[in-house]
Structure formats: structure tokens, C-alpha cells
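The values are calculated or read from the model by the stated rules, or taken from the named source; none is laboratory data. The model shown is predicted, which means the values in this text are computed figures rather than measured ones. Cβ sites come from the backbone with ideal geometry, for glycine too, and all protein chains shown count toward neighbours. Just the protein is used for accessible areas: all its heavy atoms, side chains included, with ligands, DNA and RNA removed. Shrake-Rupley method; radii C 1.70, N 1.55, O 1.52, S 1.80 Å.
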Amino acid sequence: FNNRQFLPDVPIPGFGYEINAGSNFSALAGVPFTWVRWEPIDRLSLEASYILPRRVRAEIGYRILEALKVYAGYAWDNERFLRHNRNDDDDRLFYFEQRVSAGVRWDILESVWLDFSGGFAFDRFFFEGEDYGDRGEDRLDVGDGPFLMLQVGVEL
């Protein structure tokens, strides 16, 4: 069972075109995703991604040191969950939010990093239904507000 936001039970092939224009520009243009990274000057990076139908991320970052980066960004994210004992098997619990943030990322080792950020989350809501078109039914709005986040990551 697939829990993606659109056509959850239909296999959807993806395709894309990769662009590498030297070490300071790369992109992957395709469906259902698009991603671009550009380093206009040394240590400054701009990165953006879009995944159909409603996931957007953008970030500008500056490497103070090789292992230390400060950044600011925007994200429009969502999550979907299958609630236990739901009346309709096609219904899912959805969560949507937008946020702006700024933070510091420290690459402790080649594959271990620590990220501390804060910002403001807005346009947050939950709803239960089959798809985004049901967002007006069984909806719970969550107030806008600030947040702090500490993440530790390991890349294998």
C-alpha cells in the first residue's frame, strides 16, 4: 500500500533529466520531482526542490567553515497517516504546514551532522479524508507560531 498524496494505489513511473554544468550548478528536472542547486560564488549555495503535488523547499546557505554552514529557508510540507479504526479504508489523516527558518549545520564527521534551527510555522492544519480536496471537512487548524529544532543525522 502506498500512502502518497495523489493516486496512492497507482504505480507512477518517474523520469528526469540531469544537468551538471560544472561544480557550481546541478539540477534534476523531471516528474514527479524537480531539484536545483547553484553556487553563484564560493561558499554560497542556493537549493530548491518541488515534489508533486504540494511539497516545496528552498534554502540559501553560506559555509563559514568547511564543516559549518548557516542557512535560511522556506518549506511547504505535509504528512499522511493511516488512522487505526477509520470508518473508510481510503481515508487518511493529513497534516500540512508552511515554515520559514534559519539555522546552523555542523558536519561533525563525514557522515554525521548536527543541525540547530528556529523559525516560524504557519498555515498548519490537520484533516481526515481521501485527498487534498477534502481539506475543508473534518479539519483542525493549528495556530501559527515559533519553533526550535535540534536534529542529529547519520548518513549511511
Pseudo-spin-label distance residue 149 to residue 120, built 7 Å along Cα→Cβ, given in nm, is 1.7 nm
Using a 1.4 Å probe on heavy atoms of the protein chains only, the accessible area for residue 28 in Å², nearest 10, reads 60 Å²
Of all trypsin sites (Lys or Arg not before Pro) in region 69-156, the ones in DSSP coil with at most 15 other Cβ atoms within 10 Å are 83, 86, 135
With DSSP loop assignment and no more than 14 other C-beta atoms within 10 Å, the GluC sites (Glu not before Pro) in region 37-77 are 66
Simple spin-label estimate for residue 156/residue 18, 7 Å along Cα→Cβ, in nm, reads 2.2 nm
Under a 1.4 Å probe, counting only protein heavy atoms, residue 154 has an accessible area in Å², nearest 10, of 100 Å²
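Looking at the P(r) of region 39-155, how many percent of alpha-carbon pairs lie beyond 22 Å?
Considering region 39-155, 48 percent of its Cα-Cα pairs are separated by more than 22 Å.
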In terms of the charge dipole of region 21-156, which places +1 on Lys and Arg and -1 on Asp and Glu at the beta carbon, the residue among 102, 30, 50 farthest towards the positive end is 102
Quick note, region 86-156: a/c under 1.5 would make it rounded; otherwise a/b > b/c is prolate and the rest oblate (a ≥ b ≥ c, C-alpha gyration tensor); here it is oblate
For residue 100 and residue 54, extending 7 Å from Cα along the Cα-Cβ vector and measuring point to point gives, in nm, a value of 2.1 nm
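Semi-axes of the equivalent ellipsoid for region 68-112, please: Cα gyration tensor eigenvalues, times 5, square-rooted, ordered largest first, whole Å.
35, 15, 6
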